[in-house]
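Student: The structure's right below; bear with me while I get my questions together.
Read-outs throughout are calculated quantities, based only on the coordinates presented, and are distinct from any laboratory measurement. Keep in mind it's a predicted model, so treat the numbers as computed, not measured. Every residue, glycine among them, receives a Cβ derived from its backbone with ideal geometry; neighbour counts consider all protein chains shown.
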Amino acid sequence: NAGVTQTPKFRVLKTGQSMTLLCAQDMNHEYMYWYRQDPGMGLRLIHYSVGEGTTAKGEVPDGYNVSRLKKQNFLLGLESAAPSQTSVYFCASSPRGAGYYEQYFGPGTRLTVT
Amino acid sequence: RKEVEQDPGPFNVPEGATVAFNCTYSNSASQSFFWYRQDCRKEPKLLMSVYSSGNEDGRFTAQLNRASQYISLLIRDSKLSDSATYLCVVTVSGSARQLTFGSGTQLTVLP
């Protein structure tokens, strides 16, 4: 039981390049989330999904797209990377809504955009 | 004003000390409250939920004061392994969109 895994762990992009971050969970959780964490800012919700085939915008969705084609996977895409997207990205999952259930986080992806 | 505010610290305390963190939230409609722990360069993990009546888990005690809109975390008999950043989390409802993280309080327990 691996929990929540994220690929890749580290990545350096040039401005304007695109990439996809992959999150996978093996706990059969309905809800999945993408956050970014910046110094002094706390975790901020980018997008989330309440089930296979559904996605919704969080607090800071601009410049990102997501897809949840399979229940266990949640993909985060950067269409045209900008230096402001340099951050640590965390994926999380929970059985139901995060207000009442523990969120399980992946180990994070450290992204640098130059 | 941030929705969830925490003293960033750092708090440097000797082993065995008692240390307390506070967290204030701005939305009076907030319903659920949690403390998460995040080790350096690691992912956050749930430490404990915070209930209206207060709750205790071993050396950790969490309290909620709805009237003053703050949450506290008390750690007794600090261990070296308690060194981490403690994140206060508040939700307005069960909606994922309404979950807000504080920026964290850094604790270092010194030998």
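Student: If a/c stays under 1.5 just call it rounded; otherwise compare a/b with b/c (prolate if a/b is bigger, oblate if not). Do that for the stretch A:63-104, with a ≥ b ≥ c from the square roots of the Cα gyration tensor eigenvalues.
Tutor: The shape class here is oblate.
Student: What nm value, rounded to one decimal, do you get for the distance between B:D7 and A:D62 when each label is placed 7 Å out toward the C-beta?
Tutor: In this crude label model, B:D7 to A:D62 measures out at 3.6 nm.
Student: Let me ask something additional. Roughly how many nanometres apart are two label points built 7 Å out from the Cα toward the Cβ at B:S68 and A:Q72?
Tutor: Rounded to a tenth, the inter-label distance reads 4.8 nm.
Student: Here's another thing I want to ask about it. In whole angstrom, note down how far apart the Cα centers of the stretch A:1-56 and the stretch B:3-52 are.
Tutor: 23
Student: Two decimals is fine: what is log10 I(q)/I(0) at q = 0.14, 0.15, 0.17 Å⁻¹ for the protein assembly as shown, from a Debye sum with one equal scatterer on every Cα and no solvent?
Tutor: -0.87, -0.99, -1.21
Student: Another question, then. Kindly identify the stretch A:1-108 as rounded, prolate or oblate by the Cα gyration tensor criterion: order the square roots of the eigenvalues as a ≥ b ≥ c, call it rounded if a/c is under 1.5, otherwise compare a/b with b/c, prolate if a/b is larger, else oblate.
Tutor: Verdict is prolate for the stretch A:1-108.
Student: State the cysteines of the protein assembly as shown left without a partner when partners are defined as other cysteines whose beta carbon lies under 4.7 Å away.
Tutor: B:C40
Student: At a Förster distance of 22 Å, what's the computed FRET efficiency of B:N55 paired with B:K79, Cβ-Cβ distance as r, to 0.05?
Tutor: 0.65
Student: Here's another thing I want to ask about it. Rounded, prolate or oblate: which one fits chain B, using the alpha carbon gyration tensor with axes a ≥ b ≥ c (rounded when a/c is under 1.5, else prolate when a/b beats b/c, else oblate)?
Tutor: prolate
Student: Treat each spin label as a single point 7 Å out from the Cα along the C-beta direction, and report the B:N22 to A:A82 distance in nm.
Tutor: Taking the two extended label points, one gets 3.8 nm.
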